[in-house]
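Engineer: Next up is a structure, given as structure tokens.
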Amino acid sequence: VRTELEPIELEDGAAVPKEFANPTDDTFMVEDAVEAIGFGKFQWKLSVITGLAWMADAMEMMILSILAPQLHCEWRLPSWQVALLTSVVFVGMMSSSTLWGNISDQYGRKTGLKISVLWTLYYGILSGFAPAYSWILVLRGLVGFGIGGVPQSVTLYAEFLPMKARAKCILLIEVFWAIGTVFEVLLAVLVMPTLGWRWLLILSALPLLLFAVLCFWLPESARYDVLSGNQEKAIATLKRIATENGAPMPLGKLIISRQEDRGKMRDLFTPHFRWTTLLLWFIWFSNAFSYYGLVLLTTEFFQAGDVCSISSRRKEVKAKCSLTCEYLTEEDYTDLLWTTLSEFPGVLVTLWIIDRIGRKKTMALSFFVFSFCSLLLFLCVGRNVLTVLLFIARAFISGGFQAAYVYTPEVYPTATRALGLGTCSGMARVGALITPFIAQVMLESSVYLTLVVYSGCCLLAAVASCFLPIETKGRGLQESSHREWGQEMVGRGSHSPGVTRSNSGSQE
């Protein structure tokens, strides 16, 4: 890789660094252009739009904890029907994540994202008019089906980010998730006492509506256009970004590496990616399993005062009618807010270490700290220490989740990037679907066994993170699955027939 910055003169007289202009070559790749253009006004706009998608996703998730007790009281639903209302959303997300990934790889990131957002918006508003339990069950399931496509916004976002900014930007999207949950709780405090849950469902779709409108401003990923053979469209997109950022484009002709068989499941299990895919599936499963499990356990622990009191408290409580209900109080909403705020330090810690120690070690550290805090809960600690341990555990598991969102788009090539992220997201929903049976059902019989399950699962996930074969820190995004990993990283010093290489990225 050339490091000298010897200037050359262009036709308009502007000097461009030799590293970017490639004066001795007549070709460049999208990776070269993205690195040359850098981070600027366009990426700031894209950050806000992607953040809106995450904000909408968080609100649709948070509304489950507010809607369930309200319908339990208003419609006199038994406990199993209330639980089913939550489960059906995760079933919808689990069943659609891979589908949205496949659509995004075959027909474009923007296409898949627009369809999923419009789908979620339509059924989200429609669920506010549900006349009966069966209707809202079906409609919320369809909302979950649409939400399964929202993670593809990260795929589109990552493909426009230069290498140095990629990890930080994707991690900072987590801030929008936290803002979304806080906004949903505040919206519930204002709307629920006066207008009711139907208006809450309708008003909660506002960020989705705004995102759906701004979606039409979004360009298609230039990496996807190159892979699908749309050279002119890719160049137009890159020129648009360069103009907005006030940066020069690389000289020469954009390389087309057309690949027809995009978004194929078999590509995730080629010898090069098989082990990575299996380990990532378990990591994503463990992330969601532990994250949502901790959210459920927090309520149980706070109500009991400490871990050691749960078993004795449950023995003293008499059996209650399943139709007995309690509306959410102001104190409940306050607890929800405090629980959410614990994610902010997790993002900051992950942001600080991910480019220092790498993606794999960041995920491993997050799982290990969560596991360690879970084991410390075996001690009969007071409420204050319990609160600190739960907050540290949630901070690190949420940070680990975001580290996985950074690593996954980086490790897969453009041809299967959306599908890879989609299947991982689907495995996460499986974990979210299973965790209530551990955090609520198993907790009834044994608190310590429950903690062992979560701690053991995260220890295994920490080991799995260490065994991932590829570290993506300091790497460019791979374009085609037909090339070996790292080919895009090799300098332009030597060319072989039929193979053109890029000078972007770092060397080891």
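Engineer: Using modelled amide H (1.01 Å from N, peptide plane; none on Pro or chain starts), what sits under 5 Å from the amide H of residue 27, excluding residues fewer than 5 places away?
Structural biologist: Result for residue 27 returns 253.
Engineer: Next question, about the same structure. By how many nm would the segment from residue 463 to residue 341 grow when fully extended, if each residue of separation counts as 0.36 nm and the alpha-carbon distance is taken off? Mind dumping the intermediate values first?
Structural biologist: Values: separation 122, 0.36 × 122 = 43.92 nm, distance 2.86 nm.
Once the chain is fully extended between residue 463 and residue 341, it gains 41.1 nm.
Engineer: Moving on. Would you kindly calculate the mean projected area, averaged across all directions, of the convex hull enclosing the Cα atoms of the stretch 25-258, in square nanometres?
Structural biologist: On the way: hull surface 52.1 nm².
Quarter of the Cα hull surface area: 13.0 nm².
Engineer: Given a Förster radius of 25 Å and the C-beta distance between residue 387 and residue 186 as r, what FRET efficiency does 1/(1 + (r/R0)^6) yield to the nearest 0.05? Write down the numbers at each step before the final one.
Structural biologist: Details: r = 22 Å, r/R0 = 0.88.
That gives a FRET efficiency of 0.70.
Engineer: Further question on the same structure: Using amide H atoms built 1.01 Å from N in the peptide plane, name the residues 5+ places from residue 472, or on other chains, whose amide H lies under 5 Å from its own.
Structural biologist: Placed amide hydrogens put 359, 360 under 5 Å from residue 472.
Engineer: Between residue 195 and residue 239, what FRET efficiency comes out of the Förster formula 1/(1 + (r/R0)^6) with R0 = 56 Å and r the beta carbon distance, rounded to 0.05? Can you show the working numbers first?
Structural biologist: Numbers: r = 48 Å, r/R0 = 0.85.
The value I calculate is 0.70.
Engineer: Right, here's the next one. With +1 on each Lys and Arg Cβ and -1 on each Asp and Glu Cβ, how big is the dipole of the stretch 124-206 about its Cα centre, in debye rounded to the nearest 20? Don't skip to the end; give the middle numbers.
Structural biologist: Working: 5 positive and 3 negative charges, 21 e Å.
Rounded to the nearest 20 debye, it is 100 debye.
Engineer: Please work out the average accessible area per residue across the stretch 357-458, using the 1.4 Å probe convention, and give it in Å². Walk me through the numbers before you get to the answer.
Structural biologist: On the way: 3070 Å² over 102 residues.
Heavy-atom SASA per residue in the stretch 357-458 reads 30 Å².
Engineer: In the stretch 25-258, with Lys and Arg counted as +1 and Asp and Glu as -1 at Cβ, which of these residues, 101, 194, 208, has the Cα nearest the positive end of the dipole, that is, farthest along it?
Structural biologist: In the stretch 25-258, that residue is 194.
Engineer: Count neighbours as other Cβ atoms within 10 Å of each site's Cβ, and list the chymotrypsin sites (Phe, Trp or Tyr not before Pro) in the stretch 363-440 that are DSSP loop with at most 15 such neighbours. Before the final figure, lay out each step's value.
Structural biologist: Working: sites: 367, 368, 370, 372, 378, 391, 396, 401, 405, 407, 437; in loops: 378.
Listed in order of number, the matching sites are 378.
Engineer: Would you mind calculating the relative contact order of the stretch 25-258 from Cα pairs under 8 angstrom and at least 6 residues apart, reporting the percent as a whole number? It would help to have the intermediate numbers written out before the result.
Structural biologist: On the way: 324 pairs, mean separation 88.2, N = 234.
The normalised contact order for the stretch 25-258 reaches 38 percent.
Engineer: Okay, next question. Out of 183, 228, 148, whose Cα points farthest toward the positive end of the dipole of the stretch 134-260 (charges: +1 Lys, Arg; -1 Asp, Glu; placed on Cβ)?
Structural biologist: Result: 228, furthest along the dipole toward the positive end.
Engineer: May I ask which of 45/264; 164/239; 253/473 have a Cα-Cα span longer than 25 Å here? Walk me through the numbers on the way to the answer.
Structural biologist: On the way: 45/264 31 Å; 164/239 21 Å; 253/473 28 Å.
Check vs 25 Å cut-off fails for 45/264; 253/473.
Engineer: Quick check: residue separation of residue 214 and residue 95 times 0.36 nm, minus the Cα distance between them. What number comes out in nm?
Structural biologist: Values: separation 119, 0.36 × 119 = 42.84 nm, distance 2.68 nm.
Taking residue 214 through residue 95 to full extension adds about 40.2 nm, to one decimal.
Engineer: Can I ask one more? For residue 352 and residue 64, calculate 0.36 nm times their separation in residues minus their Cα-Cα distance, and state this gained length in nm to one decimal.
Structural biologist: On the way: separation 288, 0.36 × 288 = 103.68 nm, distance 3.22 nm.
Length gained, residue 352 through residue 64: 100.5 nm.
Engineer: If you keep only loop residues by DSSP, which chymotrypsin sites (Phe, Trp or Tyr not before Pro) in the stretch 32-97 have at most 15 other Cβ atoms within 10 Å of their Cβ?
Structural biologist: 75
Engineer: A further question on this structure: Per residue of the stretch 89-106, in order, report the coupling 6.51 cos²θ - 1.76 cosθ + 1.60 (Karplus, θ = phi - 60°) as ³J(HN,Hα) in whole Hz, putting x for Gly and Pro.
Structural biologist: Rounded to whole hertz, the list is 5, 5, 4, x, 5, 5, 6, 9, 4, 5, 4, 5, x, 5, 4, 5, 6, 8.
Engineer: For the stretch 25-258, what is the accessible area per residue in Å², given a 1.4 Å probe and the full set of protein chains?
Structural biologist: 35 Å²
The values are calculated or read from the model by the stated rules, or taken from the named source; none is laboratory data. The structure displayed is predicted, hence computed values, not measured ones. Here the Cβ is made from the backbone with ideal geometry for all residues, glycine too, and neighbour counts use every protein chain on show. Side chains included, ligands, DNA and RNA excluded: accessible areas come from the protein's heavy atoms. Shrake-Rupley method; radii C 1.70, N 1.55, O 1.52, S 1.80 Å.
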